[in-house]
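Enquirer: Here it is, the structure in full.
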Amino acid sequence: MDIRVGDIVKMKKQHPCGSSEWEILRVGMDFRMRCVGCGHQIMIARKQAEKNIRLVVNDPERLKKQAEAKPVQE
């Protein structure tokens, strides 16, 4: 699973605040994630996080920047 710092992921279960979206702050053997709804931060093992992630929602502005940074091959 290709998850990078800054990605927004949708998890299977909601946080008690009602949001199911989390921002990825750190990637490695474990993930540091921040709840988009209330700002609560957690550390979670990579294996558990990848199991519970439903969808990776990338920021449209970030996708634009990545597309512009790639050289055009002719």
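Enquirer: Name every residue in the stretch 17-54 that is in contact with a strand residue (DSSP E or B) (Cβ under 9 Å, 6 or more places away or on another chain), part of a loop (DSSP other than H, G, I, E, B) and either of a type in the set (A, V, I, L, M, F, W, C) or surrounded by fewer than 11 Cβ atoms within 10 Å (Cβ to Cβ) (or both), in order of residue number.
Expert: Within the stretch 17-54, 17, 29, 36 qualify.
Enquirer: If the Cβ limit is 6 Å and pairs must be 6+ apart or interchain, which residue in the stretch 29-55 that is within 18 Å of residue 4 (Cβ to Cβ) pairs with which residue that is loosely packed, with under 11 Cβ neighbours inside 10 Å and charged (D, E, K, R)?
Expert: Matching pairs, first to second residue: 52/12; 54/12.
Enquirer: Looking at (1) surrounded by fewer than 16 Cβ atoms within 10 Å (Cβ to Cβ); (2) closer than 17 Å to residue 54 by Cα, which one does residue 9 not meet, given that it meets all the others?
Expert: Every condition holds for residue 9 apart from (1).
Only the coordinates and a few stated rules stand behind these numbers; no lab work does. Please read all numbers here as calculations on a predicted model, not as lab measurements. So basically every Cβ, Gly included, is an ideal-geometry build from the backbone, and we count neighbours across all protein chains shown.
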